[in-house]
Amino acid sequence: MTQTRGPRIVLLGKQGSGKGTQGERLASNFGMHHLSTGEMLRDSADAGIAAGLDAKAYMDRGELVPDDIVMDVVEERFANPREVEYGFVLDGFPRTRQQALDLDRILGNNALDLVIDLDVPTEVVVERMRARGRDDDTDDSIRRRLALYDSETKPLVDFYRDRSLLATIDGMGTEDEVFGAIVDAITARFAAS
Ligand code: AMP
């Protein structure tokens, strides 16, 4: 594998599918950055920044944060060319078709290498979210987020499959097994290019 730059990866999957955990492991394994829009928005709310506090109201209800707020945090990160140079694993973004198109525009010639769909059944993610107990992990919010995943985010699976960027990974193994399968998919992608 000749790799002169970091991989550019998107992690798709329902909330509670393990994107955060796997994103962090991938970042340290490949020396790339883990960019979680949920985390960026939560940090911005904790810091008392107005846009972050606006975002928190949506997050606590289990709704999607409006695109202008999300795009501001994403564009700010990608304004630093190193983000693209080191490579990144995007976790929780894009979540809508519009965000996917915006991501293409931001990346320009530095197109994505691979989109990983972490596949975990709904009953399992519901139990995981309940156990996690974050501010936004109420039953109501969990239900709303899963419905939004189906209507807004799931169509991105086809969007990226059509572009031959999709790898579906069974997210039901142990953390190590899932991680191994993702690393294999990334390695295969670079070997093929
Ligand atoms: P996460 O940390 O990925 O579970 O995201 C937590 C919450 O942040 C979501 O339920 C949304 O309210 C918000 N959020 C994170 N990423 C996005 C995004 N790309 N678009 C809209 N809302 C987002």
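Observations on the model:
- Accessible surface of segment 1-113, 1.4 Å probe, proportion on carbon and sulfur as whole %: 46
- Computed from point charges on the beta carbon alone (+1 for Lys and Arg, -1 for Asp and Glu), the dipole magnitude for segment 9-137 about its Cα centre is near 300 Debye.
- Relative contact order (percent, whole number), segment 88-183, Cα cutoff 8 Å, 6+ residue spacing: 41
- As a length-normalised measure over Cα pairs under 8 Å and 6 or more apart, the relative contact order of the chain settles at 33 percent.
- Anisotropy class of the chain from Cα gyration tensor, a/c 1.5 cut: oblate
- Accessible surface, per residue, of segment 1-78 when the full set of protein chains is kept, probe 1.4 Å, Å²: 46
- Packing rank of 110-122, 127-139, where each peptide gets the mean count of other beta carbons within 10 Å, highest leading: 110-122, 127-139
- Bridging of residue 56 to lysines at a Cα separation below 16 Å is possible for none of them, once same-chain residues fewer than 8 apart are set aside.
- Among 54-67, 4-17, sorting by the average number of other beta carbon atoms lying within 10 angstrom of each residue, highest first, gives 4-17, 54-67.
- Computed over the chain with a Gaussian network model linking Cα atoms closer than 10 Å, the most mobile of 175, 39, 123 is 123.
- Contact order, relative form, for segment 12-122: 40 percent (alpha carbon pairs under 8 Å, 6 or more residues apart, mean separation divided by residue count).
- Taking every DSSP helix (H) stretch of at least 4 residues in the chain, weighting each as -39,500 (n - 2.57) and dividing the sum by the residue count yields a mean residue ellipticity at 222 nm of -17000 deg cm²/dmol.
- For residue 154, a cut-off of 17 angstrom between C-alpha atoms picks up these lysines, skipping any fewer than 8 places away in its own chain: 14, 19.
The values are calculated or read from the model by the stated rules, or taken from the named source; none is laboratory data. Since the structure is predicted, the reported quantities are computational estimates derived from the model, not experimental observations. A quick note on method: Cβ atoms are made from the backbone with ideal geometry, for glycine too, and the neighbour counts reach across all protein chains shown. SASA here: full protein model, heavy atoms, side chains in, ligands and nucleic acids out. Shrake-Rupley method; radii C 1.70, N 1.55, O 1.52, S 1.80 Å.
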